[in-house]
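Everything below concerns the one structure shown next.
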Amino acid sequence: MNMLLPTSTAGSLPKPLWLAQPETLWSPWKLQGEELIEGKQDALRVVLHDQQQAGIDIVSDGEQTRQHFVTTFIEHLEGVDFQKRETVRIRDRYDASVPSVVGAVSRPKPVFVEDARFLRAQTDRPIKWALPGPMTMIDTLYDGHYKSREKLAWEFARILNQESKELEAAGVDIIQFDEPAFNVFFDEVNDWGIAALEKAAEGLKCETAVHICYGYGIKANTDWKQSLGAEWRQYEEVFPKLQKSSIGMVSLECQHARVPMDLIELLRGKKVMVGAIDVATDVIETPEEVADLLRKALQFVDADKLYPCTNCGMAPLSRRVANAKLRALSEGAALLRRELTA
Ligand SMILES: [Zn+2]
């Protein structure tokens, strides 16, 4: 990217009401078959338009092509039985009924490559595509086959690498792996989590990113955040090793987070997508608030490596709120950009 402070979003954006129930996380599709394919494409066009109107520089599909950021990808794989369900604890936080790994996992055909090609054809701006990271994938499944979190993560990394290479060939500029699990399983992250992530990104020439956050503004996550105390130092556990990794960019939650900003120093040298928009509230940030947070981040990230972003996805918000937050992000970044170039 040649421009200073290019803006983007961390992930999902609200879906139009004719595609899925708004302000609801993981809501089922309202369309089927051919109508669903067309509906997703139309929704993608709408959220692309909204991002561009708001002045977002690096655009995405806003996850209009998926119901859930992890399971939609896994649904396309072989070796996972969605009928055979077991209850497991997700990120040590809440119980959920999840599908089972019943055999060797593989990707019989590309998952999002056609969707990415469609997005590429609609815009000249750089595009970012999100995939679940290996550790977050295994944390959303019951494994009755490999019986080893590490081994299963390694298999998923191999599959993610196949998908990533095809996304890159389809014209994706940044491939982002979502790893909220990195904020929970520190020992595993350092033992094999980052290695699995590097395997997923192996050989890519496009930009690679990892998104680590404290989750959507749903109750299980906000309750968990309440339990974390006055300072959130989770990032401190994984940043040193991430700094040495081959992953180029790190996407973080910073707005209204109790994360000490100086932890970002541990990533010095990496490009950092600084979350300057809180996705857990309908209150719209002012451009000045966004600029203030980014200005603080500049103490720990070189200006040419600072990427203003949202804390996480905005799927559960109304379209009105999400669009206003996109504008605040882009106007806040513009304020600071003017200061830096004055
Ligand atoms: Zn997130």
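The values are calculated or read from the model by the stated rules, or taken from the named source; none is laboratory data. Remember, it's a predicted structure, so these values are computed and weren't measured experimentally. Glycine also receives a Cβ, built like all others from the backbone with ideal geometry; neighbour counts cover every protein chain displayed.
Just a few scattered comments:
Conditions tested, residue by residue: (1) within 16 Å of the ligand (Cβ to nearest atom); (2) over 21 Å from LEU131 (Cα atoms).
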{"residue": "LEU5", "(1), (2)": "no, yes"}
{"residue": "LEU13", "(1), (2)": "yes, no"}
{"residue": "PRO28", "(1), (2)": "no, no"}
{"residue": "GLY33", "(1), (2)": "no, yes"}
{"residue": "GLN41", "(1), (2)": "no, no"}
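- Scanning segment 194-218 for residues that are at pLDDT 80 or above, touching a Gly at 6+ places or on another chain (Cβ under 8 Å) and within 16 Å of the ligand (Cβ to nearest atom) yields a total of 5.
- Answer from ASN190, ASN161, ASN221 - the residue that is surrounded by fewer than 24 Cβ atoms within 10 Å (Cβ to Cβ) and within 16 Å of the ligand (Cβ to nearest atom): ASN221
- Test: residue in segment 233-255 that is hydroxyl-bearing (Ser, Thr, Tyr), over 11 Å from LEU267 (Cβ atoms) and touching a helix residue (DSSP H, G or I) at 6+ places or on another chain (Cβ under 7 Å): yes
- Wholly within segment 46-160, helices (runs of 4 or more DSSP H) carrying at least 1 residues that are within 25 Å of ASN221 (Cα to Cα) and either under 17 Å from the mean Cα position of the chain (by Cα) or among the polar types (S, T, N, Q) (or both): 71-75, 134-138
- If the condition is being surrounded by fewer than 16 Cβ atoms within 10 Å (Cβ to Cβ) and either of a type in the set (A, V, I, L, M) or within 21 Å of GLN162 (Cβ to Cβ) (or both), then segment 115-132 contributes only ALA121.
- Residue satisfying all of: in segment 244-255; touching a residue at least 40 places away in the same chain (Cβ under 8 Å) and part of a loop (DSSP other than H, G, I, E, B); farthest from the ligand (Cβ to nearest atom) among these: SER246
- Cβ pairs under 6 Å, 6+ apart, first in segment 1-22 and over 20 Å from GLN255 (Cα atoms), second exposed (fewer than 15 other Cβ atoms within 10 Å of the Cβ) and of a type outside the set (A, V, I, L, M): ALA20/TRP29
- Qualifying residue in segment 258-272 (condition: hydrophobic (A, V, I, L, M, F, W, C) and within 16 Å of the ligand (Cβ to nearest atom)): yes
- Scanning segment 199-217 for residues that are of a type outside the set (Lys, Arg), out of contact with any strand residue (DSSP E or B) (no Cβ under 9 Å at 6 or more places or on another chain) and either assigned to a helix (DSSP H, G or I) or under 27 Å from LEU317 (Cβ atoms) (or both) yields TYR216, GLY217.
- Search result, residues across segment 280-299 that are assigned to a loop (DSSP other than H, G, I, E, B) and touching a strand residue (DSSP E or B) at 6+ places or on another chain (Cβ under 8 Å): LEU298
- Any hit, segment 103-114, residues being crowded, with 22+ Cβ neighbours inside 10 Å and touching a helix residue (DSSP H, G or I) at 6+ places or on another chain (Cβ under 6 Å): yes
- So ILE247, is it modelled with pLDDT of 90 or more, out of contact with any Cys (no Cβ under 9 Å at 6 or more places or on another chain) and within 20 Å of ARG93 (Cβ to Cβ): no
- LYS241 falls short on exactly one of the conditions (1) of a type outside the set (A, V, I, L, M, F, W, C); (2) under 17 Å from PHE182 (Cβ atoms); (3) not in a helix (DSSP H, G or I), and that condition is (3).
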